[in-house]
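Here is the structure we will look at, set down as C-alpha cells.
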Amino acid sequence: MLVMDIDRREEKGGAARRETAESKSRVMGSWTPLAGDALLDRLRVTGRPRPLADPDRAARLRETIERGLAQGTVANQGGRRDQSPSPTPLVITKDRLTRALSPGVHHDAIGFGVQPPTTPMACGALIDVLFRQLVTIGSIGDPMSDGLAALALDDRQAHLIAWIDSLSGTERGTLAAEVDRQSIALVNRWPTLDPAWLPRTQLPIRVDVAAGAVELSGRVDLAIGRPGLNVASVAIVEVKSGTRRPEHRKDLHFYALIETLRSPAPPFVVATYYTRTGELDIDPVSDELLAAAARRTVAGARALGQVAEGAAPSRLPDQQCGKSAVLPGCRPGRQRVTADIGGYRR
Amino acid sequence: MRAHELTAAILAPPLAPIGHGDRQLVRHNLTNAIPAMVENLPLGDQVVVTLAMLRQVARDPAALSRPEEPFAWKPAFVRRSLGLSAMDACINHRFSSPTEAVGPIADQAVSEWSRTGWRTFHWEPWIAALHPAARSAVMAEAATWATTLWSSIDWHRFDSPLGLGGPDDQWVCTAARTVRLKGRSELQVPLEATHGGGAESTALVSVAAGIPRTGWETELGFLALVASLRSPSRPVPSRVVGLWPDAGQYRSVDITSGVLTAAGDRVIACIGAVVDARMSMVV
C-alpha cells in the first residue's frame, strides 16, 4: 500500500526524478550504477501507467495458452489424466522453457537433473542467498562463510557445496574474490526496503492450465508490494550474478505471466538486477508483454511436449550448454562453456 | 485472489450444524473398519494419518513404499510456527509486518528456550545453534510465508479473537496397532451463530503449498473430521477454507454429513494403502 501512496505522490514528478537519478549516476560521462533511493525510484517509477486489475486479461491469456496447447500434444502430456489416478502435470519453469526454445546441442530440457557445477553457477547460488539475507536482515558478514552457511540448509545444494569444498585453494580464492566483490557492491547499492512494502524473497508462484495438464512454476527472488489491489502494485526482481543475457528478460516476462494468472492484477514492473555490474533492466508490464509471454510459453510447452515424445532436438551449442547434464561427454558443448567462462573471467 | 473475497468466504454464514447421529455414524464407520485393517502390521507399528499423507496417497502412492528419510530440521519446517507467531504479534500490534516481526520473535523464542528448557524438541534449539547467516535464511523463509498469508486476508474484519496455529487436533482409534489421525489448521475463526440455540461455530483455515488438486474437498473435510472425532462434545467446524498462496487460490467447503462421510472413507482408503505398502516391504 505504501508503495502505491508514494507513487501517487510522485507520479507527476516521476519522469523528472528518473532523469535526475540517472543523471546523478552519470559522472563525467562514465556510467555509474544506481544505488539506494535512485535504484528504488527506477524500479518504482516506470513512466507508464500501472495496469488495472482486470479478470478478462487473465481469462484472455489463459485462453491463448490453452488454445495453443490444444493444437499440440501437450494437453495430453501431463497427461494420461484419464487413466492415471495420480496425474502428473507437465511442469514448465523458466529454465525448461528457455532450454526448450534454444537450439542447443543437448536439449535435455525435459529433465530437472543436477547440473555439473561451474564457478559462475556457484557464484550465482551464493549471491542468491546473500541477497536474500540482505533483504531480510539488512547486512552481510563474511560473504563466503555466510553464503555457504545459508546454502547448507538447502538439500538441493549439497552437490554444489561438495564441489566448492573440492576446489583447489586458487580456484576457491577466485570464487571467493568474486563473491566478495559482488556482495560489497550489493550492500553498498541495494536500497533498504520498508517492511510495509511486504518484501517476499524466494516466493513460489505457480498456476495450472489446460485442466491441470500443464503447470507454470517459478520462484521469484524478490516480490515487493501488496498483491490483490485494483491497481498493479507488485514489483518482481530477479538477481543475476553473471553477464546480461537476452533470455533473462524473457524469464521475467514468464514470471509476469504467472503472476497475472494467479493474481487479480499483473505486476507493474519486472526487473533484473545484475550484481556484477549494478545494471538494472526494467520492463514495465503491459498487455503486449504478457501476450508475447503467453505465446512463448505455448511454443516452449509444445517443444517440450515434442521432446518428451521422442522428437530429435536441434543441435547447436549455445549458452545453455553449461547447464547440461551430458556436458562432460560433449565436445562442442564444452568448447562453448570454456569460451563463456573465459568471457566471465575477463 | 483478493483479501476481501477470501475473508468473506471464511466469514460467510454457516450452515446448520451436523446432527449428533450423523457424527456418530462416521465415527462408527471408522472404528469398525480400521482395527481389522491394521491388525497384521508388525507389533509396535503405528499409522499416523495427516493431511499431507492423504495427499501423498492420492498423488504419489509409490512414495509410501520408499524408506522414510530421518527427520532433520529445515527452514520449511520452521516457517509455519515462526510465521504464525510473527503474525500473532502483528495482529496484536506489536509489529507492523511479519518481516519486522520474525527476527525479534525468533530471538525471543530462543532466549525463552535457553531460560526455561521448554520446547527442547522444537525448532528453538536448532536455530540457536545455526550460523547467523543460516538463521537469517530461516527467518527469510518464515517472513515470506507469513507475509503471503498476512496479505491474503482482511484481518480487520474479524471481530472475535482468532486462533492461530495451536496444537494439532488428534484422535486415536482403538485398535491392536495405534492409528492416529492428526489435523492441523493455521487459523480457527469463530463464526457468528445464525441458527437456533446460538451454537458455537468455527471456520478452519488451512494453508498449503502448490495448487489445489482433485480431491481438495475431502482433504479439507478431513480437518473437520479430526476436530469432530477429537472432541465429541464440541460442535463440528462449520467450514474449512483451504488457501494455496503459491497459486493465489482458495477453496471453501461447508461441512455437511456427506463431506464428513467422504473424508472418513478417504481416511480408510489411505490407511489401506499405507498398510499394503508396509506389508509389501515386510514380505
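Does A:L186 satisfy the condition of being more than 9 Å from every other protein chain (Cβ to nearest Cβ) and in a helix (DSSP H, G or I)? Against the criterion (more than 9 Å from every other protein chain (Cβ to nearest Cβ) and in a helix (DSSP H, G or I)), A:L186 qualifies. Flag: B:T202 does not match the condition of being at pLDDT 95 or above and either touching a Pro at 6+ places or on another chain (Cβ under 6 Å) or of a type in the set (S, T, N, Q) (or both). So is B:R278 over 14 Å from B:L51 (Cβ atoms), among the charged types (D, E, K, R), at pLDDT below 95 and in contact with a Pro (Cβ under 9 Å, 6 or more places away or on another chain) or not? It is true that B:R278 is over 14 Å from B:L51 (Cβ atoms), among the charged types (D, E, K, R), at pLDDT below 95 and in contact with a Pro (Cβ under 9 Å, 6 or more places away or on another chain). When each of B:T147, B:T178, B:T116, B:T174 is tested for being farther than 30 Å from B:L54 by Cβ and of a type in the set (S, T, N, Q), the lone residue that passes is B:T116. Would you say A:L175 is in contact with a helix residue (DSSP H, G or I) (Cβ under 8 Å, 6 or more places away or on another chain), of a type outside the set (S, T, Y), in contact (Cβ under 8 Å) with a residue 12 or more places away in the chain and crowded, with 20+ Cβ neighbours inside 10 Å? For A:L175, the condition - in contact with a helix residue (DSSP H, G or I) (Cβ under 8 Å, 6 or more places away or on another chain), of a type outside the set (S, T, Y), in contact (Cβ under 8 Å) with a residue 12 or more places away in the chain and crowded, with 20+ Cβ neighbours inside 10 Å - is not met.
There is at least one residue in segment B:66-74 that is within 14 Å of chain A (Cβ to nearest Cβ) and either touching an Asp or Glu at 6+ places or on another chain (Cβ under 6 Å) or in contact (Cβ under 8 Å) with a residue 24 or more places away in the chain (or both). Screening B:L149 with (1) touching a strand residue (DSSP E or B) at 6+ places or on another chain (Cβ under 9 Å); (2) on the phi > 0 side of the Ramachandran plot gives one miss only, at (2). When restricted to residues that are under 23 Å from A:T98 (Cα atoms) and either acidic (D, E) or more than 10 Å from chain B (Cβ to nearest Cβ) (or both), segment A:189-215 contains 6. Can you tell me which residue is surrounded by the most Cβ atoms within 10 Å (Cβ to Cβ) among those in segment A:216-272 that are assigned to a strand (DSSP E or B) and acidic (D, E)? Checking each candidate, the answer is A:E238.
When you check B:I105 against the structure, is it buried (at least 18 other Cβ atoms within 10 Å of the Cβ), at negative phi and under 23 Å from the mean Cα position of the chain (by Cα), yes or no? Against the criterion (buried (at least 18 other Cβ atoms within 10 Å of the Cβ), at negative phi and under 23 Å from the mean Cα position of the chain (by Cα)), B:I105 qualifies.
State all residues of segment B:130-158 that are of a type in the set (D, E, K, R), out of contact with any Leu (no Cβ under 9 Å at 6 or more places or on another chain) and either at the interface with chain A (Cβ under 7 Å from one of its Cβ atoms) or over 30 Å from A:S145 (Cα atoms) (or both); if no residue qualifies, say none.
Answer for segment B:130-158, where residues must be of a type in the set (D, E, K, R), out of contact with any Leu (no Cβ under 9 Å at 6 or more places or on another chain) and either at the interface with chain A (Cβ under 7 Å from one of its Cβ atoms) or over 30 Å from A:S145 (Cα atoms) (or both): there is none.
Scan segment B:24-40 and tell me whether some residue there is among the small types (G, A, S), in contact (Cβ under 8 Å) with a residue 12 or more places away in the chain and not assigned by TED's automatic domain parsing to the domain that holds B:V138. Within segment B:24-40, one or more residues are among the small types (G, A, S), in contact (Cβ under 8 Å) with a residue 12 or more places away in the chain and not assigned by TED's automatic domain parsing to the domain that holds B:V138. In segment B:159-187, the qualifying residues are those that are of a type in the set (D, E) and in contact (Cβ under 8 Å) with a residue 60 or more places away in the chain, and the one that is nearest to the other protein chains (Cβ to nearest Cβ) is B:E186. Looking only at segment B:157-179, count every residue that is in contact with a Ser or Thr (Cβ under 9 Å, 6 or more places away or on another chain) and either at negative phi or surrounded by fewer than 16 Cβ atoms within 10 Å (Cβ to Cβ) (or both) and tell me the total. Residues in segment B:157-179 being in contact with a Ser or Thr (Cβ under 9 Å, 6 or more places away or on another chain) and either at negative phi or surrounded by fewer than 16 Cβ atoms within 10 Å (Cβ to Cβ) (or both): 12 in total.
Looking across segment A:138-156, the residues that are in a helix (DSSP H, G or I), facing another protein chain (nearest Cβ under 9 Å) and either surrounded by fewer than 20 Cβ atoms within 10 Å (Cβ to Cβ) or in contact with a strand residue (DSSP E or B) (Cβ under 7 Å, 6 or more places away or on another chain) (or both) come down to A:S145, A:D155.
In segment B:226-246, the qualifying residues are those that are within 14 Å of chain A (Cβ to nearest Cβ) and assigned to a loop (DSSP other than H, G, I, E, B), and the one that is surrounded by the fewest Cβ atoms within 10 Å (Cβ to Cβ) is B:D246. In segment B:97-129, of all residues being under 30 Å from A:G225 (Cα atoms) and of a type in the set (D, E), the one that is nearest to the other protein chains (Cβ to nearest Cβ) corresponds to B:E100.
The set of residues in segment B:247-283 that are part of a loop (DSSP other than H, G, I, E, B) and more than 24 Å from B:A12 (Cβ to Cβ) contains only B:V283. Taking the criterion of being assigned to a helix (DSSP H, G or I), over 15 Å from B:G166 (Cβ atoms) and either of a type in the set (D, E, K, R) or in contact with a strand residue (DSSP E or B) (Cβ under 7 Å, 6 or more places away or on another chain) (or both), the only residue of segment B:76-98 that qualifies is B:R79.
The values are calculated or read from the model by the stated rules, or taken from the named source; none is laboratory data. What you see is a predicted model; the values in this text were computed from it and never measured. Note that each Cβ is placed from the backbone with ideal geometry, even for glycine, and that neighbours are counted across all protein chains shown.
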